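A quick write-up on the structure given underneath.
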Ligand code: SAH
């Protein structure tokens, strides 16, 4: 027997933010290998009786792929559960290549990424007409270096929405890069820790100048999304360019303009 290995995006933490497809696969899984302290709840909530559930935090890549291949020999459905979306900072391809080489079938189920969950938690929008129509998902260099041309200062020069993963302990680098790119010290910055986690989510609003201190005051040092965007705070702006789609004077495929 050779089962199939599913790389399932668990979403940002709230088990209700799993996709219906992802939850269905967990419910029929013979074995689940989960990554990250944020997703064990989804695994344990929905896994069937007798399902083999293992945390991957102490495993190497080789141990993980060996475990997955072994489990696929015993079960029709094996799930590798990852936070957010498996295609973002998830070592997906490193894991799938050995599976393909071993002739084991695999597929990916996308998940709600933490950038989307953070903006939803704060009631903010990633894009806004005539403000920015672009979102950049990035990080700053830690032990993983940034490829040429992707340093935060260059990316920030676009003035688009920046969702910065894996960087909460490097907030000073975010501050430096954005200031160097011409963002003002008063530019609004949003930090959300444990976005979507009932009772544990923390939302911190500040400026480029004071966000680091505010995060220190709130003791936020992990599991946090940093968003820098010219859209932040738009709910309270006096002037807002309207979206053409819902503008009464704008005709499109599904609606004629009113007089
Ligand atoms: N694949 C994941 C990202 C994994 S990298 C996704 O799509 O979201 C881990 C980083 O994701 C963390 O350092 C943090 O920046 C972010 N993150 C993951 N879950 C989060 C959550 N619930 N709230 C805020 N940030 C989160």
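The values are calculated or read from the model by the stated rules, or taken from the named source; none is laboratory data. Everything numeric here is computed off the predicted structure, so don't read it as measured data. Cβ placement follows ideal geometry from the backbone for every residue including glycine, while neighbour counts extend to all protein chains displayed.
Please give the number of the condition residue 240 fails out of (1) touching a helix residue (DSSP H, G or I) at 6+ places or on another chain (Cβ under 9 Å); (2) in the same structural domain as residue 123 (by TED's automatic domain parsing).
Result: residue 240 passes all but (2).
Go through region 132-150 and report how many residues are crowded, with 18+ Cβ neighbours inside 10 Å and in a loop (DSSP other than H, G, I, E, B).
Selection size over region 132-150: 1.
From the list 162, 126, which residue is in a loop (DSSP other than H, G, I, E, B) and under 18 Å from the mean Cα position of the chain (by Cα)?
Numbers: 162 fails: in a loop (DSSP other than H, G, I, E, B).
Unique residue meeting the criteria: 126.
Looking at region 144-171, which of its residues are more than 21 Å from residue 184 (Cα to Cα) and within 13 Å of the ligand (Cβ to nearest atom)?
Within region 144-171, 144, 165, 166, 169 meet the criteria.
Yes/no matrix, rows are residues, columns are (1) within 15 Å of residue 18 (Cβ to Cβ); (2) assigned to a loop (DSSP other than H, G, I, E, B); (3) within 22 Å of the chain's Cα centre (by Cα):
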{"site": "33", "(1), (2), (3)": "no, no, yes"}
{"site": "36", "(1), (2), (3)": "yes, yes, yes"}
{"site": "41", "(1), (2), (3)": "yes, no, yes"}
{"site": "45", "(1), (2), (3)": "yes, no, yes"}
{"site": "58", "(1), (2), (3)": "no, yes, no"}
{"site": "62", "(1), (2), (3)": "no, no, no"}
{"site": "75", "(1), (2), (3)": "no, yes, no"}
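Kindly indicate whether residue 53 is touching a residue at least 12 places away in the same chain (Cβ under 8 Å), surrounded by fewer than 21 Cβ atoms within 10 Å (Cβ to Cβ), touching a strand residue (DSSP E or B) at 6+ places or on another chain (Cβ under 7 Å) and assigned by TED's automatic domain parsing to the domain that holds residue 77.
Working: touching a residue at least 12 places away in the same chain (Cβ under 8 Å): yes; surrounded by fewer than 21 Cβ atoms within 10 Å (Cβ to Cβ): yes; touching a strand residue (DSSP E or B) at 6+ places or on another chain (Cβ under 7 Å): yes; assigned by TED's automatic domain parsing to the domain that holds residue 77: yes.
Criteria met by residue 53.
Residue 197: farther than 20 Å from residue 118 by Cα and either in contact (Cβ under 8 Å) with a residue 60 or more places away in the chain or buried (at least 18 other Cβ atoms within 10 Å of the Cβ) (or both), yes or no? Walk me through how you get there before you give the answer.
On the way: farther than 20 Å from residue 118 by Cα: no; either in contact (Cβ under 8 Å) with a residue 60 or more places away in the chain or buried (at least 18 other Cβ atoms within 10 Å of the Cβ) (or both): yes.
Spelling it out, it is not the case that residue 197 is farther than 20 Å from residue 118 by Cα and either in contact (Cβ under 8 Å) with a residue 60 or more places away in the chain or buried (at least 18 other Cβ atoms within 10 Å of the Cβ) (or both).
I'm trying to understand the selection: among the residues of region 90-117, which are near the ligand (Cβ under 7 Å from one of its atoms) and modelled with pLDDT of 95 or more? Spell out how you get there, then give the answer.
To start, the set of residues in region 90-117 that are near the ligand (Cβ under 7 Å from one of its atoms) comprises 90, 111, 113-115, 117.
Answer for region 90-117, where residues must be near the ligand (Cβ under 7 Å from one of its atoms) and modelled with pLDDT of 95 or more: 111, 113, 114, 115, 117.
Residues are listed down the side, and each one gets a yes or a no for (1) surrounded by 19 or more Cβ atoms within 10 Å (Cβ to Cβ); (2) at pLDDT 95 or above; (3) outside the structural domain of residue 83 (by TED's automatic domain parsing):
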residue: 13; (1), (2), (3): yes, no, no
residue: 20; (1), (2), (3): no, yes, no
residue: 25; (1), (2), (3): yes, yes, no
residue: 30; (1), (2), (3): no, yes, no
residue: 57; (1), (2), (3): no, no, no
residue: 62; (1), (2), (3): no, yes, no
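Is there a residue in region 179-186 that is at pLDDT 95 or above, within 15 Å of the ligand (Cβ to nearest atom) and out of contact with any helix residue (DSSP H, G or I) (no Cβ under 7 Å at 6 or more places or on another chain)?
Quick first cut of region 179-186, residues at pLDDT 95 or above only: 179-186.
If we keep only those that are within 15 Å of the ligand (Cβ to nearest atom) as well, we get none.
No, the conditions are met nowhere in region 179-186.
If I filter region 227-247 for residues that are closer than 27 Å to residue 179 by Cβ and assigned to a strand (DSSP E or B), do I get at least one hit?
Yes, region 227-247 contains at least one residue that is closer than 27 Å to residue 179 by Cβ and assigned to a strand (DSSP E or B).
Does residue 120 qualify as being more than 14 Å from the ligand (Cβ to nearest atom), touching a residue at least 40 places away in the same chain (Cβ under 8 Å) and either within 21 Å of the chain's Cα centre (by Cα) or under 14 Å from residue 17 (Cβ atoms) (or both)?
Working: more than 14 Å from the ligand (Cβ to nearest atom): no; touching a residue at least 40 places away in the same chain (Cβ under 8 Å): yes; either within 21 Å of the chain's Cα centre (by Cα) or under 14 Å from residue 17 (Cβ atoms) (or both): yes.
Taking the combined requirement at face value, the residue does not satisfy it.
Does residue 42 satisfy the criteria of being touching a helix residue (DSSP H, G or I) at 6+ places or on another chain (Cβ under 7 Å), crowded, with 19+ Cβ neighbours inside 10 Å and either under 26 Å from residue 201 (Cβ atoms) or modelled with pLDDT under 95 (or both)? Before the answer, list the steps.
Numbers: touching a helix residue (DSSP H, G or I) at 6+ places or on another chain (Cβ under 7 Å): yes; crowded, with 19+ Cβ neighbours inside 10 Å: yes; either under 26 Å from residue 201 (Cβ atoms) or modelled with pLDDT under 95 (or both): yes.
Considered against the rule, which asks whether it is touching a helix residue (DSSP H, G or I) at 6+ places or on another chain (Cβ under 7 Å), crowded, with 19+ Cβ neighbours inside 10 Å and either under 26 Å from residue 201 (Cβ atoms) or modelled with pLDDT under 95 (or both), residue 42 comes out as yes.
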